[in-house]
Structure formats: C-alpha cells, structure tokens
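Quick notes on the structure that follows.
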Amino acid sequence: MWNPLKAAVAFCLVASTGTAQTMRPDPTWKINPLPGDARFEVVEGLQGGDLRIWCEAGRYALRELGAGATDRLYVETPRAVAKTERGYGVGFTLAPSAGLLANAARPGDGGNYSLRFDFAGFNISVGNARGLCTYEMDW
C-alpha cells in the first residue's frame with residue numbers, strides 16, 4: 001500500500017544523496033607529480049571542466065607543494081593526452097624555466113580574460129586558481 005510519509009522520506013534520502021555526492025572529492029580526477037621541481041599534471045575526471053582543472057591545480061599547489069596564494073601557477077604542457085595515466089591532462093609548474101617565462105601571459109594580456117590551457121606559459125596566481133573551486137565544502 002502506498003504511504004505518503006514513506007514516499008516523502010524516500011524522496012528526501014535520494015535527493016540528499018545526490019547533493020552529498022558533489023560535496024566529496026571526485027576520485028576520477030588525478031593529480032600526479034612530474035619529474036623536476038614543483039611540476040605536476042592534473043588529469044581530468046568525469047565531472048568538471050576548465051574551472052575544475054584550475055581549482056585542482058591550485059588546491060594541489062597549496063596543500064602538497066606549500067605554495068603561497070600569490071605564487072604563480074604556470075601552464076607548462078597545454079591540454080593533451082596525459083603523460084602520467086589514461087585521459088587528458090594539463091601540466092603545471094610553480095618553477096618556470098626561462099623559456100616558459102619568455103612566453104608567459106596573464107589574464108588580460110592582449111585583451112583576453114579567459115583562463116586558457118592552449119599554450120605554455122599562461123599563468124594565474126595560486127590563490128586565484130584555488131578561488132575557482134565551486135564546492136561548498138573544502139576537503
């Protein structure tokens with residue numbers, strides 16, 4: 001027999017489970033160190049997008065590499081097939097080479113304010129990258 005109270009409780013449990021999923025880290029996203037000083041790769045997972053890549057890079061730089069919020073996070077390897085595992089990824093560094101610095105560009109250079117991965121040298125602050133996280137909880 002159909003019970004409205006049981007149906008309402010079941011609906012709330014299902015709805016809250018869906019919401020809770022977005023509060024936890026997504027295990028399909030990987031951040032792997034690369035050889036060298038302060039180099040790593042963000043490998044894209046199932047959910048997210050460009051902002052999530054910057055978010056994960058900023059989070060890793062702060063927590064794992066001890067970067068400060070004003071340190072610059074440079075795209076070292078534009079989005080391509082990942083080097084460290086299956087999928088697509090972007091390589092980042094906190095310690096750019098002289099060649100990378102020669103090609104460095106920030107948001108606003110040349111009138112472009114988009115956050116880009118299509119060329120090496122594009123950079124934003126670690127704090128800016130971390131601020132792009134859209135999660136309500138920090139884990």
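Residue by residue through region 34-48, which ³J(HN,Hα) values in whole Hz follow from phi under the Karplus form 6.51 cos²θ - 1.76 cosθ + 1.60 (θ = phi - 60°), with glycine and proline marked x?
10, x, x, 7, 6, 10, 7, 10, 9, 9, 5, x, 6, 10, x
List every residue whose amide H lies under 5 Å from the amide H of A67, counting only residues 5 or more places away in sequence or on a different chain, with H placed 1.01 Å from N in the peptide plane.
L62
Could you grab the relative contact order for region 25-131? Cα pairs under 8 Å, six or more apart, rounded to a whole percent.
Across region 25-131, relative contact order equals 31 percent.
Work out, in µm²/s and without decimals, the Stokes-Einstein translational diffusion coefficient of region 25-131 at 37 °C, 0.692 mPa s, Rh from Kirkwood over C-alpha pairs.
Diffusion coefficient, whole number: 242 µm²/s.
Taking neighbour counts of Cβ atoms within 10 Å as a proxy for exposure, in what order, fewest first, do V126, V43 appear?
Lowest to highest Cβ neighbour count: V43, V126.
Can you order the peptides 44-50, 128-134, 76-82 by their average number of other Cβ atoms within 10 Å per residue, highest first?
Going from most to least packed, we get 128-134, 76-82, 44-50.
Please list, in chain and number order, the residues 5+ apart from A105 or on another chain whose amide H is under 5 Å from its amide H, with Hs placed from the backbone.
Amide H to amide H, under 5 Å and 5 or more residues apart or across chains, A105 pairs with F122, N123.
Using amide H atoms built 1.01 Å from N in the peptide plane, name the residues 5+ places from G87, or on other chains, whose amide H lies under 5 Å from its own.
A82
List the chymotrypsin sites (Phe, Trp or Tyr not before Pro) in region 77-119 that DSSP assigns to loop (not H, G, I, E or B) and whose Cβ has at most 12 other Cβ atoms within 10 Å. Which are they?
Answer in residue order: Y113, F119.
Every number in this text was worked out from the coordinates using simple rules, so none of it is lab data. None of these values were measured; they are calculated from a predicted model. For neighbour counting, all protein chains shown are included, and Cβ atoms are generated from backbone atoms with ideal geometry for every residue, glycine included.
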